[in-house]
Amino acid sequence: MSDPSSRVRTILLAIAVAFTAWAALVFVTGGIEWRIAGVLLRSRDPFRPLLLAIVLLAVQGAFYREAFARDIDRATRLLRRRAVPLALLVAAAAAAHAVYFGGCTAGGSDSYGYVSQAYGWVNRQLPQAYPLRLSLPFPSGDLMQIPLGHRPGTAPHTMVPTYAPGLPLLMAVGIVTLGRIGPYMVVPVCAALFVWCTFLVGRRAVGPMGGVIAAIVAATTPVVLFQALWPMSDVPAGALWTGGLAGALGNSRRGAILGGVAAALGLLVRPNLLLLAAVLVFWIFLRARGSERFVRAALFSLPFVPVVAAVALLNTRWYGSPLASGYGRSAEIYSLANVIPNLQRYPAWFWYSQSFWILLAFVSLWALLRPSRERPAIALCWAFVLATLVSYITYTPFDDWWYLRFLLPGIGALSVLMTAGLAVAAGRIPRPWGSVLAMTMVLLIVRQATSFALDHSIFGQLRKDEHRYADVAAFVGDNLPENAVVFAMQHSGNIRIWGGRLTLRYDLIDPDYRARIVPELEREGLHPYLGIDDWEAPEVKRHFGLAEDQPLPWPRVAHMRESGGASVYDLASTPQ
């Protein structure tokens with residue numbers, strides 16, 4: 001006859017497994033709602049059943065400590081053996097999040113700038129400057145023709161891209177292989193790569209299960225969840241630099257080669273991060289022995305040579321100097337006066353988005369006080385995080401929490417440090433309570449991150465709002481005449497790339513010439529329109545010199561009510 005206590009343990013374990021399965025079902029489906037015998041059963045929060053499962057496990061630990069400890073040890077060994085597939089599953093989930101909730105449109109400045117440059121490389125228009133199509137007799141006649149994401153070229157009557165070529169070149173590969181959806185698949189792939197490389201670093205610093213937990217922390221970090229939805233350089237930069245970090249920790253020639261390639265591509269995406277490359281090369285040189293240190297350091301550094309040369313040549317052609325960028329010269333972007341504002345913002349944003357759990361990273365400093373196999377990896381992660389912060393501490397300050405995106409190259413390492421801090425805290429607790437504490441803390445970290453994401457409409461709203469760029473462009477392409485020229489600012493790029501019509505920046509109109517612009521365009525055989533989001537109307541009035549308290553005077557051709565509203569107006573002297 002079986003032991004009654006064993007039966008109780010089995011029942012408690014079965015209930016805990018049932019709660020875990022329930023939580024997984026709620027998480028995957030987004031919520032469950034059943035009506036049984038007239039009674040409504042609803043479950044929307046997957047963390048509540050998960051918490052109940054942990055409570056049941058804690059009850060087992062309290063009443064059946066030795067047996068529970070053996071169960072925990074067996075489960076830990078099993079999970080350790082399955083660390084790689086678990087990490088791959090987390091990476092796949094990160095990519096799925098980016099695909100499902102991502103915007104997949106090229107609107108505004110950054111996303112249009114990257115995607116349009118990708119098409120410029122595919123169509124072999126780049127690296128030459130783009131010629132401007134119109135010769136307008138106004139001081140800002142050239143500037144008005146330059147959409148968001150571009151700037152005047154060094155040659156007269158030309159424009160060039162604002163952004164570094166790394167991400168657009170990756171997008172160009174996506175276009176060649178996948179067609180129009182290609183450029184929007186780069187960031188989801190990089191999101192998976194970012195999570196996977198974080199696992200590789202975490203495995204070196206905290207062990208296999210620590211690597212899985214670091215991957216989970218990285219995948220659910222709010223700024224990662226947010227930036228994974230945009231066709232921008234932040235997640236790719238995070239993935240490539242974290243890959244470089246993983247390669248440097250590999251302690252082999254193969255790791256040096258792969259890490260060097262990843263970091264060099266990261267430099268092509270973000271050319272201002274040479275300090276990160278220096279940290280990794282110095283680390284390889286420091287850790288290797290004898291002549292091997294020179295070999296590995298050279299293998300890691302070699303891919304940087306063509307990248308640095310290419311960026312210098314491109315910067316000279318586009319911006320007039322190898323040290324200039326599309327954002328301006330270094331002295332215009334970096335200043336010691338920015339240090340204090342940034343030191344105030346970045347820690348506050350981390351606390352705001354990740355709460356006090358970010359302090360776990362500092363707990364990892366305890367692991368540096370005693371010799372261990374993991375200590376060197378933790379030390380390098382600290383050096384990498386600090387180098388990333390130093391790279392942006394003098395950068396122009398911004399005011400929104402999601403400008404943590406600049407630090408994404410170091411957030412994989414930061415996730416590893418948080419995991420190392422969690423391991424230190426759990427290791428101070430007698431078994432099996434340390435494992436229960438670790439599971440509970442991971443659950444609460446994920447809950448904090450997903451709650452923040454829900455509060456900031458990261459799951460779903462962005463895709464809906466960003467689709468207006470495609471809708472406006474589609475309307476322009478399908479309904480406006482071939483000779484249409486559209487005044488725009490926010491839509492100055494997407495109307496070009498998807499609507500196929502020339503755009504002019506209304507926000508760059510010369511005040512002294514605004515009355516002459518429409519007649520001049522009509523003399524050129526062009527039909528002027530205006531395409532704006534509804535929030536832009538006050539700016540349009542200001543730049544056209546119209547009364548603030550009066551509606552826009554032109555006939556409205558179309559109006560979209562969703563996503564804040566967007567409108568197209570006919571500006572011609574004889575509207576159609």
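The values are calculated or read from the model by the stated rules, or taken from the named source; none is laboratory data. Quick caveat, the model's predicted, so the values are computed rather than measured. For neighbour counting, all protein chains shown are included, and Cβ atoms are generated from backbone atoms with ideal geometry for every residue, glycine included. Accessible surface is based on the protein model in full, side chains and every heavy atom, while ligands, DNA and RNA are left aside. Shrake-Rupley method; radii C 1.70, N 1.55, O 1.52, S 1.80 Å.
For VAL339 and ALA298, compute 0.36 nm times the residue count separating them, minus their Cα-Cα distance, and round to one decimal in nm.
Gain on stretching VAL339 to ALA298: 11.4 nm.
Using Cα-Cα distances under 8 Å and only pairs 6 or more residues apart, what relative contact order does the chain have, in percent?
15 percent
How far apart, in nm, are the 7 Å Cα→Cβ label points at LYS464 and ILE429?
3.9 nm
Let me know the volume per residue of the alpha-carbon convex hull for region 207-266, in Å³.
Each residue corresponds to 71 Å³ of Cα convex hull volume.
Where does region 73-135 land on Rg/Rh, using Cα atoms and the Kirkwood Rh?
Rg/Rh for region 73-135 comes to 1.36.
If exposed means no more than 13 neighbouring beta carbons inside 10 Å and the site is in a DSSP loop, what's the longest run of the chain without any exposed GluC sites (Glu not before Pro)?
Longest gap between qualifying sites, sites excluded: 1-481.
In degrees from 0 to 90, rounded to the nearest 10, what is the angle of the helix 182-206 Cα long axis to the longest principal axis of the chain?
Taking the Cα atoms of the chain, the angle to 182-206 is about 30 degrees.
For region 210-324, what is Rg from Cα atoms divided by 2.2 N^0.38 Å, rounded to two decimals?
My calculation over the Cα atoms of region 210-324 gives 1.18.
For region 303-367, what is the per residue volume of the convex hull drawn over the alpha-carbon atoms, in cubic angstrom?
Cα convex hull per residue, to the nearest whole number: 162 Å³.
Tell me the Kirkwood radius of region 477-528: reciprocal of the mean inverse pair distance over distinct alpha-carbon atoms, in Å.
11.5 Å
To the nearest 10 square angstrom, what accessible area does CYS190 show with a 1.4 Å probe?
10 Å²
Once the convex hull of the C-alpha atoms of region 132-233 is built, how many Å³ does it hold per residue, rounded to a whole number?
Taking the convex hull of the Cα positions in region 132-233, it is 142 Å³ per residue.
Taking 0.36 nm per residue of sequence separation and subtracting the Cα-Cα distance, how much length would be gained by fully extending the chain between ALA14 and ARG124, in nm to one decimal?
33.4 nm
Compute the relative contact order of region 91-223 as a whole-number percentage, counting only Cα pairs closer than 8 Å that sit 6 or more residues apart in sequence.
27 percent
Given a 1.4 angstrom probe, what's the average accessible area per residue across the chain, in square angstrom?
Using a 1.4 Å probe on heavy atoms only, each residue of the chain averages 46 Å².
Just the projected area, averaged over all directions, of the convex hull on the alpha carbon atoms of region 445-512: how many nm²?
6.9 nm²
Per the helix-only calculation at 222 nm, which mean residue ellipticity applies to the chain, given -39500 (n - 2.57) for every DSSP H run of n ≥ 4 and division by its residues, nearest 500 deg cm²/dmol?
Using -39500 (n - 2.57) per qualifying helix, the result is -19500 deg cm²/dmol.
Can you pull the semi-axes for the chain, root of five times each eigenvalue of the Cα gyration tensor, sorted largest first, whole Å?
Whole-Å semi-axes of the equivalent ellipsoid: 49, 31, 19.
Have a look at region 288-446 and give its Rg and Dmax from the Cα atoms, expressed in angstrom.
Expressed in Å, the Cα Rg and Dmax of region 288-446 come to 20.1, 63.
In Å, what is the Rg of the alpha-carbon atoms in region 337-417, and how long is Dmax?
Radius of gyration, then largest Cα-Cα span, for region 337-417: 13.5, 41 Å.
Using only the heavy atoms of the protein chains and a 1.4 Å probe, how would ASP510, ASP142 rank by accessible area, largest first?
Ranking ASP510, ASP142 by accessible area, largest first, yields ASP142, ASP510.
Put one equal scatterer on each alpha carbon of region 354-470, apply the Debye formula with no solvent term, and list log10 I(q)/I(0) at q = 0.22 1/Å to two decimals.
With no solvent term, the Cα-only Debye profile gives -1.26.
Computed FRET efficiency, Cβ-Cβ of GLU562 and ARG133, R0 30 Å: what is it to the nearest 0.05?
0.40
Percent of accessible area on the chain owned by carbon and sulfur, 1.4 Å probe?
63 percent
Can you work out the FRET efficiency for the pair PHE285 and ARG373, with r the C-beta to C-beta distance and R0 = 25 Å, to the nearest 0.05?
Working from the Cβ atoms, E equals 0.75.
Report the Cα-based extents of region 469-576 along its three principal axes, largest first, to the nearest Å.
That gives 34, 32, 23 Å along the principal axes, largest extent first.
What angle, in degrees between 0 and 90 and rounded to the nearest 10, separates the Cα long axis of helix 292-301 from the longest principal axis of the Cα atoms of the chain?
30 degrees
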